[in-house]
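The numbers here are math on the coordinates, done by the rules we state, and not lab data. Quick caveat: nothing in here was measured; it's all calculated off a predicted structure. Note that each Cβ is placed from the backbone with ideal geometry, even for glycine, and that neighbours are counted across all protein chains shown.
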Amino acid sequence: MLIVLVHIHVKADCVEAFKAASLENARHSRQEPGIAQFDVLQQQDDPTRFVLIEAYRTADAPATHKETAHYAAWRDTATPMMAEPRFSVKYAAAA
């Protein structure tokens, strides 16, 4: 299993729109067979900061996810709302 944490800093005036777009993407992403978990977290002390938790069942599932219409819609909607480029950190389950 591949776990990816995507760190995103959003422009202050875009927080609610970003959250809505991300929750919609997460809802569709959870229906993909290659995705075990897809959550949207918002930082409590800085609501402009988000983390997406994406857990993929296979190594090729992230590429398959990025080919979906809902991912493309999220990317095209959310990217202009970001205060800086998003970055991700990849993890493997320790056990």
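Can you give me the number of residues within the stretch 25-81 that are out of contact with any helix residue (DSSP H, G or I) (no Cβ under 9 Å at 6 or more places or on another chain), assigned to a loop (DSSP other than H, G, I, E, B) and touching a residue at least 40 places away in the same chain (Cβ under 8 Å)?
Residues that pass the stated criteria total 2.
In the stretch 82-95, what residues are in contact (Cβ under 8 Å) with a residue 40 or more places away in the chain, over 20 Å from HIS9 (Cα atoms) and assigned to a loop (DSSP other than H, G, I, E, B)?
We begin by selecting, within the stretch 82-95, every residue in contact (Cβ under 8 Å) with a residue 40 or more places away in the chain; these are 82-84, 86-93.
Pick out the ones that are also over 20 Å from HIS9 (Cα atoms) and you get 91-93.
The one that is in contact (Cβ under 8 Å) with a residue 40 or more places away in the chain, over 20 Å from HIS9 (Cα atoms) and assigned to a loop (DSSP other than H, G, I, E, B): ALA93.
Could you list, in sequence order, all residues of the stretch 65-90 that are surrounded by 12 or more Cβ atoms within 10 Å (Cβ to Cβ), in contact with a strand residue (DSSP E or B) (Cβ under 9 Å, 6 or more places away or on another chain) and of a type outside the set (D, E, K, R)?
HIS65, ALA78, MET81, MET82, ALA83, SER88
Could you check the stretch 4-34 and list, in sequence order, the residues that are farther than 12 Å from TRP74 by Cβ and in contact with a Lys or Arg (Cβ under 7 Å, 6 or more places away or on another chain)? Please lay out each step first, then the result.
From the stretch 4-34, those farther than 12 Å from TRP74 by Cβ are 4-5, 7, 9-16, 30-34; that's our starting set.
Matches in the stretch 4-34: VAL4, HIS7, HIS9, GLY34.
Please find, within the stretch 11-34, the residue that is surrounded by the fewest Cβ atoms within 10 Å (Cβ to Cβ) out of those that are aliphatic (A, V, I, L, M) and touching a strand residue (DSSP E or B) at 6+ places or on another chain (Cβ under 6 Å).
Our first condition is that a residue be aliphatic (A, V, I, L, M); within the stretch 11-34, this holds for 12, 15, 17, 20-21, 23, 26.
Still in the running and touching a strand residue (DSSP E or B) at 6+ places or on another chain (Cβ under 6 Å): 23, 26.
Numbers: LEU23: 12, ALA26: 19.
Across the stretch 11-34, the extreme among qualifying residues is LEU23.
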